[in-house]
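Please read the structure below before turning to the comments.
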Amino acid sequence: MRQHVVVVDDTEINLRLLETLIARLENCDCHSFSCPKTALAFCSDNSVDLLIVDYMMPEMDGIEWIRQLRQVSSQSSTPVLMITANEAKSVRYDALESGADDFLTKPVDAVEFVARTRNMLKLSAANRALHDRAHWLNQEVQKEPSKSGSVKETPLCTWRGSPNTEMLKRERISCEWRITPLALRNNWDSL
């Protein structure tokens, strides 16, 4: 699965440098923007796995950009890496308050940038997998309408890998009691 990284920086040379570094990562597409407003519009309409933003930009600084981005529901939990030449603690505090997850100081060290980017993309993928599993479980619960006598308390387990009966048998991690529709209970009883 390809991951999508958005880079926002008003300086063309910085965009090219970051694009080159992101190209070192496998299965990663880079979308670069020199205009913060254009980047916000792109993020509103597209799925993004990581956002990298410069702090000092003339049209809109990185902190304001993050504040506006966090108002877009589809990007409320997307990791944000801020790059800044400003070492003032107040800038970092403001950025964290607005929703930045990590920082790099200019000039960017290539090894550190690739490592942090890779880690943040792993975090994004894990969050997406968790969201997808929660969505799947919600769909399973909705499939079987609640009928009198058709529900019973059964343990619902968390697992690694695909959500199937064989996986539940082998890799049960933890259980908790929940009211479960008959369709899920039947699968559990067969374990």
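Looking across segment 1-36 at every residue that is touching a Cys at 6+ places or on another chain (Cβ under 9 Å) and under 15 Å from M82 (Cβ atoms), the one that is surrounded by the fewest Cβ atoms within 10 Å (Cβ to Cβ) is identified as D10. For segment 37-61, how many residues are free of Cβ contacts under 8 Å to residues at least 40 places away in the same chain and crowded, with 23+ Cβ neighbours inside 10 Å? Selection size over segment 37-61: 2. When A85, A100, A126 are screened for being aliphatic (A, V, I, L, M), farther than 21 Å from V8 by Cα and in the same structural domain as E64 (by TED's automatic domain parsing), only A126 passes.
Per the listing A95, A100, the residue uniquely touching a helix residue (DSSP H, G or I) at 6+ places or on another chain (Cβ under 7 Å), over 21 Å from H4 (Cα atoms) and buried (at least 21 other Cβ atoms within 10 Å of the Cβ) is A95.
Might you let me know whether segment 23-33 holds any residue that is in a strand (DSSP E or B), closer than 16 Å to R116 by Cα and assigned by TED's automatic domain parsing to the domain that holds V111? Spell out how you get there, then give the answer.
Step one: filter segment 23-33 for residues in a strand (DSSP E or B), giving 28-33.
From the residues that got through so far, the ones that are closer than 16 Å to R116 by Cα too are 28, 30.
Of the ones still in play, those that are also assigned by TED's automatic domain parsing to the domain that holds V111 are 28, 30.
Yes, there is a match, as at least one residue in segment 23-33 is in a strand (DSSP E or B), closer than 16 Å to R116 by Cα and assigned by TED's automatic domain parsing to the domain that holds V111.
This table checks each residue for (1) of a type outside the set (A, V, I, L, M); (2) part of a loop (DSSP other than H, G, I, E, B); (3) closer than 23 Å to D109 by Cβ.
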site: V6; (1), (2), (3): no, no, yes
site: I13; (1), (2), (3): no, no, yes
site: R16; (1), (2), (3): yes, no, yes
site: M56; (1), (2), (3): no, yes, yes
site: Q68; (1), (2), (3): yes, no, no
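The values are calculated or read from the model by the stated rules, or taken from the named source; none is laboratory data. Since the structure is predicted, the reported quantities are computational estimates derived from the model, not experimental observations. So basically every Cβ, Gly included, is an ideal-geometry build from the backbone, and we count neighbours across all protein chains shown.
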